[in-house]
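The structure appears right after this line, and notes come after that.
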Amino acid sequence: MTSRHISVFADLTLEDRPAVGGKGGSLGELTRAGIDVPPGFVVRTESFEHFIQALEREAPVRARVEALAADDLDAIGVVSRELRARIEAAELPADLKAEILTARDALAPAGQSPIVAVRSSATTEDAVDASFAGLQDTYLWVMDPEDMLRKIRSCWASLYSVESVSYRRRQGFPEAQVAMAVVVQVMVDARTAGVMFTRSPTTGDRSVITIEGAWGLGSAVVGGEVTPDRWVVGKITGEIPVRDISDKAIRHSPAAGGGIEDVHVEDDKRREPCLSDEELQGLRTIARKVERHYGRPQDIEWAIDRHTNKILLLQSRPETVWSNKEAVPAATKAEDPLLHVMSIFGGRK
């Protein structure tokens, strides 16, 4: 099902990023590549544009952001609070609301109500040359349909957070090119979840996969609220030379009325590895497949369903730290190559 406002993952690729954002495009790409991804849909940027245009008729939005100086945090804070309040208070157009609710109902068997994650997906997010990852909002374990609609507006509003606006002003992104799509995805009731990198995040070594995980939902790992277990796995050989098992005192679990809560981990499980060797090899196989598909190192979020023990991917984005380092030349080009050599030896005492 794809319309002006809604696209399901199976209909999307990375080429659709201008309309569905980095996260939406990636989830579509993974789905079409045969990777197991929880089903979902994207509220496309056309919906955001329609919504923002209605607000612009009342008072400027984008022009106010572009008038801000990148280093004027006080002014950014004032504009951010005003714009976020306006977006969160505004009503969704009736036709858009109906379309979103219909798409939500399709995520569960007839007569059942799906539990979803509502995740921001900015058009500039997860790009190779710049990443907005972490600058917009994500809401987990959203049970009520009206609450889901509120969370969608909150995701749109998060595009105008102080952090996001400051980042855009520093990077010089034109506001007319910045838009927000929203991913609505079936929640995984995770026994274990975490992240993995198809090159070492500490050394840049591309021959290994680093896997980090903890009990419960992956938000505790991504948010830094628990020190995860960590393994380094040979990408080709499957050997596991590093096993760092941490004391995992808490886990993120679904709360009864929606959202998530901190739960104390049972004493006998706190220092127990949250992944078996078989699961580590399963993650290695998936990581290699994803990296081959994209043709570059990846930063991947994963979860293991507590009911089926199935590994599911929640996101894959380009690894940027080491890739950006490799893109920077070791020395600035000079007209006379000897000038670079002379500057090195001339500085030694």
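The values are calculated or read from the model by the stated rules, or taken from the named source; none is laboratory data. All values reported here derive from a predicted model rather than from experimental measurement. Counting neighbours? That spans all protein chains shown, and the Cβs are built from the backbone with ideal geometry, glycine included.
So the values come out like this:
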read-out	value
Qualifying residue in the range 226-235 (condition: within 18 Å of Ile300 (Cα to Cα) and among the small types (Gly, Ala, Ser))	yes
Residues satisfying the stated conditions in the range 258-297, i.e. touching a His at 6+ places or on another chain (Cβ under 8 Å) and of a type outside the set (D, E, K, R)	Ile260, Val263
Filtered residues of the range 26-51 (kept if free of Cβ contacts under 8 Å to residues at least 24 places away in the same chain and under 23 Å from Val142 (Cβ atoms))	Gly28, Thr31
Sole residue being within 14 Å of Cys155 (Cβ to Cβ), in contact with a helix residue (DSSP H, G or I) (Cβ under 7 Å, 6 or more places away or on another chain) and modelled with pLDDT of 95 or more, chosen from Val79, Val116	Val116
All positions within the range 184-197 that are of a type in the set (A, V, I, L, M, F, W, C) and either on the phi > 0 side of the Ramachandran plot or outside any loop (DSSP other than H, G, I, E, B) (or both)	Val184, Val186, Ala190, Ala193, Val195, Met196, Phe197
Residue, surrounded by the fewest Cβ atoms within 10 Å (Cβ to Cβ), within the range 203-214, restricted to residues that are of a type outside the set (Asp, Glu) and in a strand (DSSP E or B)	Thr210
Whichever residue in the range 84-99 is of a type in the set (A, V, I, L, M, F, W, C) and not in a loop (DSSP other than H, G, I, E, B) and, among such residues, is surrounded by the most Cβ atoms within 10 Å (Cβ to Cβ)	Ile87
Test: residue in the range 230-240 that is over 21 Å from Val290 (Cα atoms) and not aliphatic (A, V, I, L, M)	no
Residue that is surrounded by the fewest Cβ atoms within 10 Å (Cβ to Cβ) [pool: residues in the range 215-266 that are of a type in the set (Val, Ile, Thr) and in contact with a Pro (Cβ under 9 Å, 6 or more places away or on another chain)]	Ile245
Residue in the range 276-294 that is of a type outside the set (S, T, N, Q) and part of a loop (DSSP other than H, G, I, E, B) present	no
Options Ser166, Ser200, Ser154: the member that is outside any loop (DSSP other than H, G, I, E, B), over 18 Å from the mean Cα position of the chain (by Cα) and among the hydroxyl-bearing types (Ser, Thr, Tyr)	Ser166
